[in-house]
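Notes follow once the structure below has been shown.
The values are calculated or read from the model by the stated rules, or taken from the named source; none is laboratory data. This one's a predicted model, so the numbers in the text were calculated from it and none came from an experiment. Glycine also receives a Cβ, built like all others from the backbone with ideal geometry; neighbour counts cover every protein chain displayed.
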Amino acid sequence: MADPRLFRLRVSFVKQGRLTLLSHLELARTLERIVRRAGVPFAVTNGFSPHMRIAFGSALPVGVGGREELFDLFLTNYIAPAKILPLLQGASPLDLMPFACEYVEPQAPAVSVAFPLSTYEAVLEGGLTSLVIPEVVQVKRGKKEKVLMVAEYLRGDVEARSAEDVEETSGTATPQTILRFCLEAKPSGTLRPDKFVEAIMASTISAGGASSELRSMALTRLNQRAL
């Protein structure tokens with residue numbers, strides 16, 4: 001049960017650049033160090049091993065960036081958002097920079113529960129003549145293999161548009177394809193966006209829908225939102 005004496009601050013931040021390579025555990029530890037360096041009055045848990053009262057949004061796979069990531073921090077004292085944001089920013093690296101914060105009710109649902117929908121953007125090197133969305137995605141975890149039905153997690157259509165990237169060395173333009181899609185995280189599990197993109201590329205290439213070799217260049221979560 002949430003402690004009504006505490007103040008729950010929801011912080012929005014970016015995860016980009018080299019820091020997209022942080023695992024979720026490494027990200028959590030880094031954010032805790034940022035809060036400590038900022039000198040804000042964070043609350044701690046009770047028990048034999050007290051730790052910072054901080055809660056994170058749904059985890060991103062290693063290598064996936066985020067433009068609007070979230071974490072909740074419980075404070076023992078109220079500090080105006082306009083004052084606390086510069087403190088957090090001053091303690092943060094550029095590639096993990098907070099850009100907004102606001103207070104929410106202590107009893108509000110956790111970020112991972114309140115915002116199960118995530119919109120992603122993938123940048124692929126290579127052009128498409130057609131886009132093939134697989135019906136299933138096979139995921140291997142050790143010796144176990146799990147088959148996920150795409151329709152259970154994909155919300156809406158996968159949007160695709162073409163773009164060009166000019167190479168500095170040769171001055172030639174290489175075709176790029178930008179995909180945008182929305183996945184829903186469920187209590188029973190989720191479809192990893194990187195595995196979904198890999199499956200799309202494999203299905204498209206297999207069906208002859210790619211005009212050139214496809215390669216994933218970048219994958220970013222644009223936002224998280226409610227149902």
Residues located in the range 41-61, provided they are more than 25 Å from the chain's Cα centre (by Cα) and either in contact (Cβ under 8 Å) with a residue 12 or more places away in the chain or outside any loop (DSSP other than H, G, I, E, B) (or both): Pro41, Ala43, Val44
Residues of the range 97-113 that turn out to be over 15 Å from the mean Cα position of the chain (by Cα) and either surrounded by 16 or more Cβ atoms within 10 Å (Cβ to Cβ) or of a type outside the set (Gly, Ala, Ser) (or both), as a count: 9
Pair list, Cβ < 9 Å and 6+ apart or interchain, from the range 189-210 residues that are closer than 26 Å to His24 by Cβ to residues that are in a helix (DSSP H, G or I): Leu191/Val150; Leu191/Glu152; Phe196/Val150; Ala199/Val150
Residue under evaluation Leu94, criteria (1) surrounded by fewer than 16 Cβ atoms within 10 Å (Cβ to Cβ); (2) without any contact (Cβ under 8 Å) to a residue 60 or more places away in the chain, criterion not met: (2)
Breaking point among (1) closer than 22 Å to Arg192 by Cβ; (2) touching a strand residue (DSSP E or B) at 6+ places or on another chain (Cβ under 9 Å); (3) at pLDDT 95 or above, for Leu9: (1)
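Let's see how each residue does on (1) outside the structural domain of Val11 (by TED's automatic domain parsing); (2) modelled with pLDDT under 95; (3) within 26 Å of Lys15 (Cβ to Cβ):
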position: Leu128; (1), (2), (3): yes, yes, no
position: Glu135; (1), (2), (3): yes, no, no
position: Val147; (1), (2), (3): yes, yes, no
position: Asp165; (1), (2), (3): yes, yes, yes
position: Pro175; (1), (2), (3): yes, yes, no
position: Leu183; (1), (2), (3): yes, no, yes
position: Ser188; (1), (2), (3): yes, yes, yes
position: Ser216; (1), (2), (3): yes, yes, yes
Filtered residue count, the range 181-226, keeping only those that are farther than 26 Å from Pro109 by Cβ and within 20 Å of the chain's Cα centre (by Cα): 10
Residue in the range 62-75 that is surrounded by the fewest Cβ atoms within 10 Å (Cβ to Cβ), counting only those that are in a loop (DSSP other than H, G, I, E, B) and in contact with a strand residue (DSSP E or B) (Cβ under 8 Å, 6 or more places away or on another chain): Gly63
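Okay, residues lined up against (1) surrounded by fewer than 14 Cβ atoms within 10 Å (Cβ to Cβ); (2) of a type in the set (A, V, I, L, M, F, W, C):
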residue: Thr177; (1), (2): no, no
residue: Phe181; (1), (2): no, yes
residue: Ala210; (1), (2): no, yes
residue: Glu213; (1), (2): yes, no
Any hit, the range 122-143, residues being out of contact with any Pro (no Cβ under 6 Å at 6 or more places or on another chain), farther than 19 Å from Ala199 by Cα and touching a residue at least 40 places away in the same chain (Cβ under 8 Å): no
